[in-house]
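Take a look at the structure set out below.
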Amino acid sequence: MKNEKKVKKPKVKLGKLEKREARAGWLFVLPWVIGVVAFMLYPLCQSFYYMWFNIRITPLGTKYIPVGTGNFTQIWLENPEFPQQIVTYLWQTVVEVPVIVVFALMIAIMLNGKIKCRGFFRLIFFLPVIIVSGPVMNMLVSEGAATIPAMNIQSVKSALDSFLPHSMAESIGELFSNMIMILWYSGVQILIFLSALQKIDPALYEAAKIDGGSQWECFWKITLPTIKPMILLNAIYSVIFLSSNEQNSLITMIKAAMFSGTKEKGYGYASAMAWMYAVIVTLIVLLFFLLLGSKRDIYDRQVKRHKREMKKEARTVKKIERRGIRNAKKIQKARQKRNYRTYDGSGDY
Amino acid sequence: MTAAATIKKKFNKEKLHRFVFGTKEKEGAGKQIVVYGLLICIGFVYLYPILYMFCTSFMNRDDLLDSSVKWIPSTLFVQNYIDAGKSMDFWVSLLKGVVIAGLPTLCNVAVCMVVGYGFARFEFKGKKILLGLLIFSYILPSQVTMIPTYVLYNNMKLVGTLWSFILPALFGNGLNSAIFILIFYQFFRQVPRVLIEAAQIDGAGYFKSFVKIAVPSAGPAILTVFLFSFVWYWNESYLTGLYVQGLSANSFWVNLVVQLSNFDTSFETMAQTGDAATNLNECVRMAATALSILPLLVMYLFLQKHFVESIDRTGITGE
């Protein structure tokens, strides 16, 4: 008797338990949900609303003057700085993020080998994470400490300018002149790659070696596919880091516009700027996601192609079958109508 | 004779080749040299700005103008540090900076842990949407939400107080909270479910099993989140200047990084009143920079192991 009850009980109560667990889960997550609504979604909507207004703070209170798309035309047509900065930012991010990621991967692979003093090198390469803050960077850059001393920046820049469009050449030149800063931004990425590399099963490499694979092949066929999700993670991290970094002049511009005393600027104007900026950051993230995010590798792709072919075959088989049935029906109908016999494969003709 | 010599030569060549390029079992010395060389070079490039900063900060004006002095100052000129420290109000700013970074960090750790546990342990409707929202909140630049939030704080009279940092942190929306929630989420997923279920069979409620089982096992993750959150809050000057300092020059809350960003003007005014023994030059500015990163540098030297191993232990790279 007792045993039966015990067996039956969970089946009946499972739904309740699940419900209770779900409730507990919501309870645990609740503070964050409130936070997201209060500090993200609500302000997001509000700044979307602000975008269409010219907001003036007067002694009598805040005045909202609807201007329609006036803020945007102001930004794009009358303020030459913002569009220019956006283009530079776009180029800079698109150029710098791959540099950061590839550099981090290189360092991580070097540190992953059999190396003495690995801890010491890790210490050095992680050090910048502690230091990078806007003002410190500004100071170092303005004193020229961010340039690799042996590099002749001017010649690099002029060489680039001769065969690339100007804005692109400028951002690449910028990359060279602030090389150390860009290397400095890859501290966290190096550690992420390193811990991903250390989790790859050494048996894989052994098997590849036995089959005659060189280290070069091992890198392309084992290491890279395994850490591919980490590449995406690091690329996105780098984009976000660069976009919220105070070296980025766009965000200081937004802040300046927010508190500027002039008639046409203000909260509404700054909101419009911020929204456009957010859209561009999201687009860049999306770009990297599309480039690196496909989970399939070569084998998966082959499997998928094979499956697609199988499906196609099955479909044609079905089509033929269906056509056969249809034809059979037609023939039957015709036979009934005209009442003459055709050979249907059964019985005598 | 000649045949033997050629054989010997050939043999040596092979040996040399093996020594430099290595065999399948053993790495060659050539590769090792290249790797070490690269690492040391890049390491130097990494440290170059810091070395430059410290060297320059000890120079006096004569050294700065003297072209024969490039790296090592002729005298250890400490006056730069004294002046810069006075201008930045070093000790007070340091203490305030610790409070500004510390309190929100504590809230961040506590709340992110609870939320991360909620995501990792329970299954509920809408969990996927919420996780998507979490990642979205990380990608969204803070500038979009900054303006209405500032207006909100202004109406609540929170601008210029520490509450403008603590309040979002209490609701899991502090600086980079999304990353920390994800770290805890990853971490708690690795804690065996059986442990928690065993506690529940013994009569512990959801909250009690969280406090008694999950929290004590989350030591590494807590340490990681604490350190990173502290460092990021410490280095955040954009939002600190906006919310906590409230963009006013004589605000109560100010930290070293914000002081550094206003360093030029504050030093000028100090020099005008005659308190400074030196003029504003790059040595003083470098000394100020050095002062503002020194506290974290000291902390890093003591806790470097925890920093460096942190990412390994939280399992952010997934299993």
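The values are calculated or read from the model by the stated rules, or taken from the named source; none is laboratory data. It should be emphasised that the depicted structure is a prediction, and the values quoted were computed from it without experimental measurement. Neighbour counts run over all protein chains shown; Cβ positions are idealised from the backbone, glycine included. Accessible surface is based on the protein model in full, side chains and every heavy atom, while ligands, DNA and RNA are left aside. Shrake-Rupley method; radii C 1.70, N 1.55, O 1.52, S 1.80 Å.
Just how many % of Cα pairs in region A:207-269 lie over 17 Å apart, if you round to the nearest whole percent? List each step's numbers first, then the result.
Numbers: 1269 of 1953 pairs.
For region A:207-269, the share of Cα pairs beyond 17 Å comes to 65 percent.
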### Task
Taking only Cα atoms and a 10 Å spring cutoff, compute GNM fluctuations for chain A and point out the largest among A:Phe48, A:Phe72, A:Phe120.
A:Phe120
### Summary
With R₀ set to 30 angstrom, the calculated FRET efficiency between the beta-carbons of B:Phe302 and B:Leu51, to the nearest 0.05, is 0.90
### Query
What accessible area, in Å² to the nearest ten, does a 1.4 Å probe give for A:Glu96?
20 Å²
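What does the average come to when, for each residue of peptide B:125-136, you count the partner chain Cβ atoms lying within 10 Å of its Cβ? Before the final figure, lay out the partial values.
On the way: counts 3, 5, 4, 0, 0, 6, 0, 0, 6, 3, 2, 5.
Average per residue, whole number: 3.
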### Task
Go ahead and run the numbers for FRET between B:Asp89 and A:Arg118, Cβ-Cβ distance against an R0 of 60 Å, rounding to 0.05.
0.90
### Query
So how much accessible surface do B and A hide from each other in total, probe 1.4 Å, in square angstrom to the nearest 100?
8400 Å²
### Query
Along the three principal axes, how long is the protein assembly as shown when you take its alpha carbons, biggest first, rounded to the nearest angstrom?
123, 106, 69
### Query
Do the sum for chain A: with -39,500 (n - 2.57) for every DSSP H run of n ≥ 4, divided by all residues, what is the mean residue ellipticity at 222 nm, to the nearest 500 deg cm²/dmol?
-24000 deg cm²/dmol
### Query
Which three semi-axes in whole Å describe the equivalent ellipsoid of region B:89-261, each the square root of 5 times a Cα gyration tensor eigenvalue, listed largest first?
34, 18, 13
### Peptides A:321-329, B:302-310, A:121-129 ordered by average Cβ neighbours within 10 Å, highest first
A:121-129, B:302-310, A:321-329
#### Entry: Among A:Leu27, A:Leu224, A:Leu160, residue whose mean-square fluctuation peaks in a GNM of chain A (springs only between Cα atoms under 10 Å)
A:Leu27
### Message
For A:Asn54, what residues show an amide H to amide H distance below 5 Å, using hydrogens built from the backbone and excluding near sequence neighbours?
### Response
A:Ile65, A:Val67
### Query
How large is ³J(HN,Hα) for each residue in region B:184-193, as worked out from phi by the Karplus curve 6.51 cos²θ - 1.76 cosθ + 1.60 (θ = phi - 60°), to whole Hz, x for Gly and Pro?
5, 4, 4, 5, 6, 5, 7, 5, x, 5
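Per residue of B:289-295, what is the mean number of Cβ atoms on other protein chains within 10 angstrom of that residue's Cβ?
The per-residue average across the peptide is 3.
Work out which helices of chain A, taken as complete DSSP H runs, extend at least 30 Å along their axis over the Cα atoms and score a mean Kyte-Doolittle of 0.0 or more, then list them. Walk me through the numbers before you get to the answer.
Working: long enough: A:2-36 (48 Å, -0.49); A:81-112 (45 Å, 1.38); A:267-292 (37 Å, 2.09); A:298-338 (59 Å, -1.94).
Span-like helices, by this rule, are A:81-112, A:267-292.
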#### Entry: Separation of the B:Ile33 and A:Trp216 label points, Cα + 7 Å toward Cβ, nm
2.2 nm
### Query
Which percent of the Cα-Cα distances in region B:137-232 go past 21 Å?
49 percent
### Summary
Among A:Lys337, A:Lys114, A:Lys319, the residue with the largest mean-square fluctuation in a Gaussian network model of chain A built from Cα contacts under 10 Å is A:Lys337
### Query
Regarding region B:92-183, what are the three Cα extents along the principal axes, ordered largest first, in Å?
46, 27, 21
### Task
May I ask you to find the residues of region A:13-35 that are shielded by at least 40 Å² of accessible area once the whole protein assembly is considered instead of their isolated chain (probe 1.4 Å)?
A:Glu21, A:Trp26, A:Phe28, A:Val29, A:Pro31, A:Trp32
### Task
With 10 Å bins from zero, work out the P(r) of chain A over every alpha carbon pair and list the percent per bin.
4, 14, 18, 18, 16, 11, 8, 6, 3, 1, 0
#### Entry: Percent accessible area from carbon and sulfur atoms, region A:70-302, protein chains only, probe 1.4 Å
65 percent
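In debye to the nearest 20, how big a dipole does the protein assembly as shown give about its Cα centre with +1 on each Lys and Arg Cβ and -1 on each Asp and Glu Cβ? Could the numbers behind the result be given before it?
Details: 72 positive and 42 negative charges, 1223 e Å.
Rounded to the nearest 20 debye, it is 5880 debye.
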### Task
Tell me the label-point distance for the pair A:Ala256, B:Glu197, using the 7 Å Cα-to-Cβ offset, in nm and rounded to one decimal.
6.0 nm
### Task
Can you check what the net charge comes to around B:Tyr185, using other residues whose Cβ is under 12 Å from the Cβ of B:Tyr185 (Lys, Arg +1; Asp, Glu -1)?
+3
## Note on the structure
Square roots of five times the C-alpha gyration tensor eigenvalues of region A:56-111, ordered largest first and given in whole Å, equal 44, 16, 8
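Which entries of B:Lys212/B:Lys305; A:Lys63/A:Lys265; A:Lys114/A:Lys209; A:Lys116/B:Lys305; A:Lys199/A:Lys228; B:Lys31/B:Lys305 show an alpha-carbon separation above 21 angstrom in the structure shown?
Values: B:Lys212/B:Lys305 27 Å; A:Lys63/A:Lys265 13 Å; A:Lys114/A:Lys209 17 Å; A:Lys116/B:Lys305 16 Å; A:Lys199/A:Lys228 13 Å; B:Lys31/B:Lys305 28 Å.
Violating the 21 Å Cα-Cα cut-off are B:Lys212/B:Lys305; B:Lys31/B:Lys305.
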